[in-house]
Structures are given as C-alpha cells and as structure tokens.
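A short write-up of the structure that comes next.
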Amino acid sequence: MRESDFHAAKRMMVLAKEVGFTIWGDENEVVSRIVEMEARVRVVSKKADQETKTDSMVNSWCDWLWGGAGCGWFLRPSASNFRDLLNLWDASFFFLLTALSQGARNMISHLAIMLEFNEFIYGIHVFESPICSRKYTWSKKDSSSMRRLDRFLTSIDWEKEWGLASQWIMNRNVFNHFTILLKHGNED
C-alpha cells in the first residue's frame, strides 16, 4: 500500500464521518479496504479506457468491412483470446425490429384491456346481434382505415321480449361513424 493511497483513504473516511456515515470496525481495516477498492476502480477505469479505444478502432474496421456506416457490431472475446467472434448486422433493420418489439409490447397491453372488456361483457350476459350488410362501422374520410367500433349488444331477456335482432350498417353521411339500424323481425 502506497502512503499517498493510505492518506487519501483516511481523508475519505474522515469526510464520510463528517457527512454522517457510521464507520463500523477497525478504522485501519476500513482504510485498507478503501485503498483496495480505489485500486480496483483504477484498474477498471484503465481497462474501460482501453476498451473505448478498441471500440473506435473496431468501429472503423467494421464500417470498412460493411462497405460504409450503417452497421451495428458486437465483439465477443473468446475464453482463450485466440478467436474472437465479431457479429455484424444492419443497424436500420435492428432499429426496425426494436420498434416492432416495442409495438408488440403495446399490442399486448391493448390485448389485455380488450380481454378484460370481453370478460366484462360475458359476465353481464349480453351478446352482439348478427351484422348484415357492411363489415365496418367506422372509417376515415378517405377510407384508408376502417374499424368495427360501434355495435348493439342484446340479452336473452331482450330477445325473449322482442325476438332475434340483426344489425344493418347504413351509408355513412358526414360523420366517420356509419349509422347502425337495429332490426328485429320486420320492424326497424
């Protein structure tokens, strides 16, 4: 242990006490542990600096190998440091996959909400009347996106009273939603 390291560690311990830390155990033992930790930090810091230089060197080499920028890479060192494994991939494709996986997580979240809603509908014993005519009940003005958002739900008790109902989706007027006509028997 160098004397300068010992004094620096001692100052750290005194400072720690001043700000309110409790020091447990023999102070000389604590100081020697601080010196050991600082030595490990220096080694890791030096290694990180070397890795940063290696990264920039490998980055330019990978760009040359790939034929230009736009590749991602990962260098996996072997246990013997004899044959390292260099993985290269198209960075824009990886970005697309990352974006898709984020979208998939959002879709799973929406799916959970939809399942919860379906359980609620099932729990109150209502069901959707059959749809005749069109398939969708909502669309953008230019019809680039269409959804089935609106619907009539009926119950067995309702059908006992009024008979089997059907939904007829009418022409859209000024709104994005199509008008739905509920028919039962010959009545609207």
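None of the figures in this text is laboratory data; all of them are computed from the coordinates on show. This one's a predicted model, so the numbers in the text were calculated from it and none came from an experiment. FYI the Cβ positions are ideal-geometry reconstructions off the backbone, even for glycines, and counts take in every protein chain you see.
Quick check: net charge around residue 178, other residues with Cβ under 9 Å of its Cβ, Lys/Arg +1 and Asp/Glu -1?
Combined, the nearby Lys, Arg, Asp and Glu give +1.
Multiply the residue gap between residue 156 and residue 170 by 0.36 nm, knock off their C-alpha separation, and tell me the result in nm, one decimal place.
This chain segment gains 2.5 nm when fully extended.
Show me the ranking of peptides 174-182, 140-148 by mean Cβ neighbours inside 10 Å, starting with the highest.
Per-residue Cβ counts within 10 Å, averaged per peptide and sorted highest first, yield 174-182, 140-148.
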